[in-house]
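J.: Before we start, here is the structure in question, set down as structure tokens.
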Amino acid sequence: MEAENRTERKARWRRPEKYICSTCGQEHPFCWTCPCGFMICSDCMEENYWGMTCNGIHWTCPDCGAIRSFGND
Ligand SMILES: [Zn+2]
Ligand SMILES: [Zn+2]
């Protein structure tokens with residue numbers, strides 16, 4: 001029944017002061033982030049969309065392979 005077993009421990013992941021896209025190196029008001037430090041801006045995400053996600057719900061961090069949600073966490 002459980003579709004997703006969320007066992008990730010409450011990360012001590014704090015929101016960075018600045019979002020600097022790991023892909024284009026630019027600062028953005030928002031980036032998708034991974035706890036490993038990877039960030040990607042919406043432009044780069046769009047460009048790499050089909051390499052990053054296969055369902056539009058989650059994206060895969062190219063650095064550590066973590067599955068990340070598109071929702072705000
Ligand atoms: Zn970018
Ligand atoms: Zn990562």
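J.: What does the extension gain come out to for Asn55 and Phe70, with contour length at 0.36 nm per residue minus their alpha carbon separation? All intermediate terms of the calculation are to be shown ahead of the outcome.
T.: On the way: separation 15, 0.36 × 15 = 5.40 nm, distance 1.06 nm.
Full-extension gain reported as 4.3 nm.
J.: Give the relative contact order (percent, whole number) for segment 19-69; include only Cα pairs under 8 Å separated by 6+ residues. All intermediate terms of the calculation are to be shown ahead of the outcome.
T.: Details: 67 pairs, mean separation 13.1, N = 51.
Worked out over segment 19-69, it gives 26 percent.
J.: In whole Å, what are the extents of segment 19-69 along the principal axes defined by its C-alpha atoms, from largest to smallest?
T.: So the extents along the principal axes, rounded to whole Å, are 27, 21, 14.
Laboratory data are not the source of any read-out in this text; all were calculated from the coordinates shown. Quick caveat: nothing in here was measured; it's all calculated off a predicted structure.
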